[in-house]
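Here's the structure we're looking at; comments come further down.
The values are calculated or read from the model by the stated rules, or taken from the named source; none is laboratory data. What you see is a predicted model, and the numbers here were worked out from it, not measured in a lab. Positions of Cβ are backbone-derived with ideal geometry, glycine not excepted, and every protein chain shown enters the neighbour counts. Calculation scope for accessible area: heavy atoms of the full protein, side chains included, ligands and nucleic acids excluded. Shrake-Rupley method; radii C 1.70, N 1.55, O 1.52, S 1.80 Å.
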Amino acid sequence: MKLSYNWLRELVPVTASPKDYIADMTMSGSKVETLDYLGAEIENVVVGRVTAMEHHPDATKLWICRIDVGGERDLQIVTGAQNVSVGDIVPVALDNSKLPGGVEIHTGELRGVKSEGMLCSHQELGLTSHDIPDAPEHGILLLNNTAEYGELTPGQDIRPVLGFDDYCVDFEITPNRPDCLSVIGLARESAATYDMSFTPATPKVHGGAGKLDEFLNVTVEEPELCPRYAARLVRNVRIAPSPKWMRDKLRAMGVRPINNIVDITNYVMLEYGQPMHAFDYACLTDSRIVVRRAGRDEAFRTLDDQERKLTENMLVIADGSKPVAVAGVMGGANSEITENTRNVVFESANFSGVSIRLTARALGMRTESSGRFEKGLDPRNVGPALERACELVELLGAGDVCDGVIDVDHSDPEPRRLTLDAARVNRFLGIDVPEETMKRYLRNLSFGVDGNTVTVPSWRSDVEQFADLAEEVARFYGYDKIPTTLFAGAAPYHRSEKIAFEDSLRTICAGLGCDEIQTYSFVSEKVFDKLNLPADDPKRRVLTIINPLSEDMRVMRTTAIPSMLEVLARNANMKNARARLFELSSTYEPKLREDGTPDNTQLPTERCVLTLGMFGDGDFFTLKSLVDGIARALRLPELRYTAQTENPAFHPGRTADVYAGETYLGTLGQVHPRVAEAFGLPVEGYIAALPVQALMEVRGGIVQYKALPRFPGCTRDLAVVCDESIPVAVLEDAIRAGVGPLLESVKLFDIYRSEALGADKKSVAFSLLLRDPARTLKDTDADAATEKAVAELAKIGAKLRT
């Protein structure tokens, strides 16, 4: 919401500088986004009077002018404008002056004649014909009209003359405060900020142009969508430019002046926050206004000259035969105000915010009016705004107002009442403010206070309970004055088992050198094609979002691998040499209907997955070491890895499923080259996906002390030759089965390949540590255990290498 600082000070005697004002308003809860001085681009431009003129000796179209700018002597300025005469008052850009657009003016020569500045047109000063209706299209801006500009003095700064001596304060208004989308609302907040009361003036309309009920009839068929509708008629309308004071205020608030009738509706919308509309009375069939729902596929051309197809869910303002406006959004081309308009119907209404928002969105035409209505406006504001519009009509001489108002009011006029408990407010805020001070804060905001009963103004729909009253006290007491304290009597925070476990995973992964990432749970359906997933893969059954942020975020993800791949690809393409990342990501498995399709009416099953991703920092075995490190930190049982060749997202020869006993813990491996290419990952990438619930179920308990062994161990080395296809883990399982309880550990220390071993053969060497906790092992015991291991290895085709 933009606010003219000059307009504000007409209503409230604020003496603070603009910079102090925005700081004070921000501290009282009205956040300011920007502060702009309207004349910031204009420097050293003054009022001048033409005292003499003569033709340029070498150019018949140029004039040499003598200009009085209030100095010791008149300046000599050469101009090509043909509309200037002796005695005219003009804007003069002096030497070293600045104009909008970064233009700088300096003393120079034109055809050999010295020119000490420039006479300015309205365009050169950043103005349009709407801002200065009587300005010539080509030529110098003349300031002779004393009714518009007053008595001007040569040398006077041009900025106050043209309305540039103002600041535009841009407020960030939250959706719960639509009352602040108006000058009056912000004036009320400003007055309260400086501990002053504020009461807006009551509009006064004289009327006398006939009785309204003889000219117009209004029917509201949808009172739920239109709680209040009011109208007045202005006859003998005289379309003309608005006066300068109104044009300056509109321009300062970012609104382009058009003509007096249109400007009045815009002015009232800015002043009161109440959108208004004006209809050409001659265009209303049967002199009727009917507030109704649109017909199915009813066609309607709006003021922007676009043909719209309406639906039965949309509210329209109609006459006896046709729509003339989309309620709260935009008027129709069939009833717009033109130069030939003689009688005007002013509309001031209150519409359902939900209805207006849905209509504006469906039609793709969010307007200033709809943006206000959708936030929920005050029905009590309809009447004053309409009266103010008619008051301005009479003030500007724009027409004759009929007596009477048609006001169809279905709103609830009963105000909300709350009880002020000062002691509770002080306890709640941790402050000590006297009760009378609290009541003064509320009265400054136009709350009614009678004893401890507080009557909430109709425009403050956000104040519903005790906490809202406490907030008003806190705002004007000063948030910066409230001491910082701990919550009194607050219950201690206890993390749930799941949250504590996830936090421990974060600590473990960070300790392993991984950086945490966070990605959206929304993905595109295209990621499943990039993952090489077949058409019937269960992961393609997804929940579709009704109102996605974009087409690339249409569905809830069923796997977190695409999100990790996108982050890896982004880092690799940004020329990062390496990355080691993790994410505790959520996936969403939809409930299915009987036909096997996702049921969007039920909440999905949400699962947490620990996803690891890396590139440029090792290979498959590096990733496996990270998984082993997590397992050690969680005190998981001995892990078992089995080759995985069926997962289409992974390299078939460098992927494994990991188990703890019979519990599946996830999959890890190299990303399939085609998948990496599809995601734009230019290097080898490695990913592991470990369901968090499975890790929780098999984690170890409290660490138990284990005494150091009393008896020495015995080592044996085994080297066996086997087929290339036999995994090392299978060989280790055979050794464990053969040796039995005497085996304390088995470690792989060598893999050897050569032509002598044969094609598709490999030699695998293990180091075995054997120990008996009750006695010292003899060599014969160790040899016997080793022979059993060799026998078990032989059963799977592994022979002792000799």
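Annotations for the structure displayed:
- Given 14 as the ceiling on other Cβ atoms within 10 Å, longest exposed-site-free region of the chain for chymotrypsin sites (Phe, Trp or Tyr not before Pro) in DSSP loops: 1-486
- Relative to the current alpha-carbon distance between GLU662 and ALA282, full extension at 0.36 nm per residue lengthens the span by 128.3 nm.
- Label sites at THR642 and PHE466, each approximated as a point 7 angstrom past Cα along Cα to Cβ, lie 6.2 nm apart.
- For region 612-714, applying the loop criterion from DSSP together with a ceiling of 13 other beta carbons within 10 Å to the trypsin sites (Lys or Arg not before Pro) yields ARG635, LYS706, ARG710.
- Cβ-Cβ FRET estimate between VAL354 and ARG9, R0 fixed at 30 Å, reported to 0.05: 0.20
- Accessible surface, 1.4 Å probe, highest first, among residues THR15, THR146: THR15, THR146
- Phi-derived couplings, Karplus 6.51 cos²θ - 1.76 cosθ + 1.60 at θ = phi - 60°, listed residue by residue for region 330-335: 7, x, x, 5, 7, 9 Hz, with x used for Gly and Pro.
- Remark on THR51: its backbone amide H falls under 5 Å from those of ARG66, ILE67, ASP68, GLY87, a criterion applied only to residues 5 or more positions apart or on other chains, H modelled at 1.01 Å from N.
- Applying a DSSP loop filter and a limit of 12 other Cβ atoms within 10 Å to the GluC sites (Glu not before Pro) in region 1-77 leaves GLU72.
- Relative contact order [Cα under 8 Å, 6+ residues apart], the chain, whole percent: 8
- Within a straight-line Cα-Cα reach of under 17 Å, LYS526 can be paired with the following aspartates and glutamates, leaving aside sequence neighbours fewer than 8 residues apart in one chain: ASP536, ASP537, GLU551, ASP552, GLU566, GLU677.
- Per-residue SASA entry for CYS390, accessible area with 1.4 Å probe, Å² rounded to 10: 0
- Accessible area (Å², 1.4 Å probe, nearest 10) - ASP733: 70
- For LEU592, the solvent-accessible surface with a 1.4 Å probe is about 80 Å², rounded to the nearest 10.
- FRET efficiency, 1/(1 + (r/R0)^6) with R0 22 Å, evaluated for THR219 and ALA299 via beta carbons: 0.50
- Partners for LYS322 among lysines (Cα-Cα distance below 18 Å; same-chain residues under 8 apart left out): LYS309
- For HIS277, distant residues with modelled amide H under 5 Å away: GLU347
- Accessible surface ranking that places the most exposed of HIS138, HIS672 first, with a 1.4 angstrom probe: HIS138, HIS672
- Members of LYS498/LYS530; LYS31/LYS249; LYS530/LYS624; LYS539/LYS747; LYS706/LYS799; LYS114/LYS244 lying beyond 27 Å, as alpha-carbon distances in this model show: LYS498/LYS530; LYS539/LYS747; LYS706/LYS799; LYS114/LYS244
- Think of region 79-194 as having a plus end and a minus end, set by charges on the Cβ of Lys, Arg, Asp and Glu; of PRO178, LEU99, GLY150, LEU99 sits farthest toward the positive end of this dipole.
- Paramagnetic label reach from LYS799 (point 7 Å along Cα→Cβ; backbone nitrogen cut-off under 19 Å): within region 743-784, residues 752-766.
- For VAL218, the residues whose amide H sits under 5 Å from its own are ILE289, ignoring neighbours fewer than 5 places away on the same chain, with H placed 1.01 Å from N.
- Seen through its C-alpha gyration tensor, with square-root eigenvalues sorted a ≥ b ≥ c, region 588-681 comes out oblate because a/c lies at 1.5 or above while a/b is not bigger than b/c.
- Annotation: Cα Rg of region 382-438 relative to the compact-globule expectation 2.2 N^0.38 Å equals 2.14.
- Karplus-derived 3J(HN,Hα), 6.51/-1.76/1.60, for each residue of region 100-113, Hz, glycine and proline x: x, x, x, 6, 10, 10, 9, 4, x, 10, 10, 6, x, 10
- Whole-Hz couplings from phi, Karplus 6.51/-1.76/1.60, listed for region 70-83; x for Gly and Pro: x, x, 5, 9, 6, 8, 9, 10, 9, 9, x, 5, 9, 9
- Within region 473-553, GluC sites (Glu not before Pro) in DSSP loop having at most 14 other beta-carbon neighbours inside 10 Å: GLU525
- Solvent-accessible surface of protein heavy atoms, probed at 1.4 angstrom with all chains present, puts ARG495, ARG251, ARG361 in the order ARG361, ARG495, ARG251, largest first.
- For region 117-145, backbone nitrogen atoms closer than 17 Å to the point 7 Å from GLN76 Cα along Cα-to-C-beta are found at 117-119.
- What you get for the chain, charging only the Cβ of Lys and Arg (+1) and of Asp and Glu (-1), is a dipole of about 2640 debye around the Cα centre.
- Model label zone, ALA362; criterion: amide N under 13 Å from point 7 Å along Cα-to-beta-carbon; scope region 265-299: 293-299
- In straight-distance terms, cross-link reach from LYS762 covers every one of the aspartates and glutamates whose alpha-carbon lies under 13 Å from its own, apart from those fewer than eight places away in the same chain; here that gives ASP723, GLU724, ASP750.
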